[in-house]
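Only one structure is covered here, and it is reproduced in the block below.
The values are calculated or read from the model by the stated rules, or taken from the named source; none is laboratory data. This is a predicted model, so every value here is computed, not measured. Please note: Cβ atoms are built from the backbone with ideal geometry, for glycine as well, and neighbour counts cover all protein chains shown.
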Amino acid sequence: MTAILRIVRPLVTVLRLAGAAAIVAAIVGQLVHSIDGTVAAGGDVGHLLVNFFSFFTIESNVLAVISLLIGALVIATGRRETPGLTVFRLLAVTYMTVTFIVYNLLLRGIPLPQGQTVPWSNEILHVVGPLLVVADWLLAPGRNRLEWKRVWAVVIFPIVWAAYTLIRGPIVGWYPYPFLNPENSDNGYLSVAFYVILIAAVMVGVGAAAIWVTRRRDRWPLPARAAVK
């Protein structure tokens, strides 16, 4: 195990840092592109910034960057991953997985105004980033065994985000995703409620699956640094 960890430590560190860098580049690339387009159209950049960081995709990816950077520091320095960090990583992997699922099932085929998105950034934020975070959760050593009750931690932020989105939407006349706009369906808020409940159920299911991974008997813990010569 010690010999394997000598190889795995730097590998996981590099992959986490590279993943965080790629996601940051994607966020910044899309943000700069959006600001340029808004300025060219004479729009309100402040309003754009609020809208930009109101996307669940962006917030999930920011969370993923933080978890990858902290995780890289922990494993590079040979420290044990704290239970708090494992829960934080649980949130990141759950939200990124849901981002991947929702985008590829509900949003990928929706046409957008030409030039609104940066294609490579879009793929990193919705596909590459989520797959990297999932792989890190499944394969990287060090995560702690989580209790089943931790699954409820994953729904706190999405509930707050959904409430914020549905309250702000009618006020500013903008929703981050079309299925959250009641005007896009003849069923109005009934349709919105259906999607919110469906996504919440998927989120709980993904969170539970991630917790199950930590409880498997074949998981491999990361020894304390003193044990790794």
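Scan region 133-142 and tell me whether some residue there is within 17 Å of T214 (Cα to Cα), acidic (D, E) and part of a helix (DSSP H, G or I).
For region 133-142, residues within 17 Å of T214 (Cα to Cα), acidic (D, E) and part of a helix (DSSP H, G or I): present.
Considering every residue within region 101-118, establish whether at least one is surrounded by 20 or more Cβ atoms within 10 Å (Cβ to Cβ), among the β-branched types (V, I, T) and closer than 26 Å to P10 by Cα.
No, region 101-118 contains no residue that is surrounded by 20 or more Cβ atoms within 10 Å (Cβ to Cβ), among the β-branched types (V, I, T) and closer than 26 Å to P10 by Cα.
Within region 1-20, take every residue that is modelled with pLDDT of 90 or more and of a type in the set (V, I, T) and give me the one that is surrounded by the most Cβ atoms within 10 Å (Cβ to Cβ). Even if it seems obvious, please write down each step before you answer.
Kept after step one, since they are modelled with pLDDT of 90 or more, are these residues of region 1-20: 11-20.
Filter once more, so that each one left must be of a type in the set (V, I, T): 12-14.
Working: V12: 21, T13: 18, V14: 12.
Of everything passing the filter in region 1-20, V12 is surrounded by the most Cβ atoms within 10 Å (Cβ to Cβ).
Name every residue in region 158-181 that is closer than 22 Å to T97 by Cβ, among the small types (G, A, S) and assigned to a loop (DSSP other than H, G, I, E, B), in order of residue number.
Correct list: empty.
State yes or no: is V196 touching a residue at least 24 places away in the same chain (Cβ under 8 Å), out of contact with any Leu (no Cβ under 7 Å at 6 or more places or on another chain) and over 26 Å from G109 (Cβ atoms)?
When the stated conditions are applied, V196 does not pass them.
Does F194 satisfy being assigned to a helix (DSSP H, G or I) and in contact with a Ser or Thr (Cβ under 8 Å, 6 or more places away or on another chain)?
no
So which helices (runs of 4 or more DSSP H) are wholly in region 44-106 and hold at least 1 residues that are within 22 Å of V206 (Cα to Cα) and modelled with pLDDT of 95 or more?
Hits in region 44-106: 56-76, 83-102.
Would you check if there is a residue in region 23-38 being surrounded by fewer than 17 Cβ atoms within 10 Å (Cβ to Cβ), within 25 Å of V196 (Cα to Cα) and modelled with pLDDT of 95 or more?
No: region 23-38 contains no residue that is surrounded by fewer than 17 Cβ atoms within 10 Å (Cβ to Cβ), within 25 Å of V196 (Cα to Cα) and modelled with pLDDT of 95 or more.
Checking the structure you have, find out if any residue of region 7-16 is part of a helix (DSSP H, G or I), under 16 Å from the mean Cα position of the chain (by Cα) and closer than 22 Å to H126 by Cα.
yes
Can you go through A224, A140, A200, A135 and tell me which one is hydrophobic (A, V, I, L, M, F, W, C), modelled with pLDDT of 95 or more and on the phi < 0 side of the Ramachandran plot?
Details: A224 fails: modelled with pLDDT of 95 or more; A140 fails: modelled with pLDDT of 95 or more; A200 fails: modelled with pLDDT of 95 or more.
After ruling out the rest, the residue left standing is A135.
Give region 160-171 a look and list any residue that's in contact (Cβ under 8 Å) with a residue 24 or more places away in the chain and surrounded by fewer than 16 Cβ atoms within 10 Å (Cβ to Cβ), or say none.
If the condition is that a residue be in contact (Cβ under 8 Å) with a residue 24 or more places away in the chain and surrounded by fewer than 16 Cβ atoms within 10 Å (Cβ to Cβ), then Y164 is the only one that fits.
For E123, work out the one condition from (1) farther than 22 Å from P178 by Cβ; (2) within 18 Å of the chain's Cα centre (by Cα) it doesn't fulfil.
Result: E123 passes all but (1).
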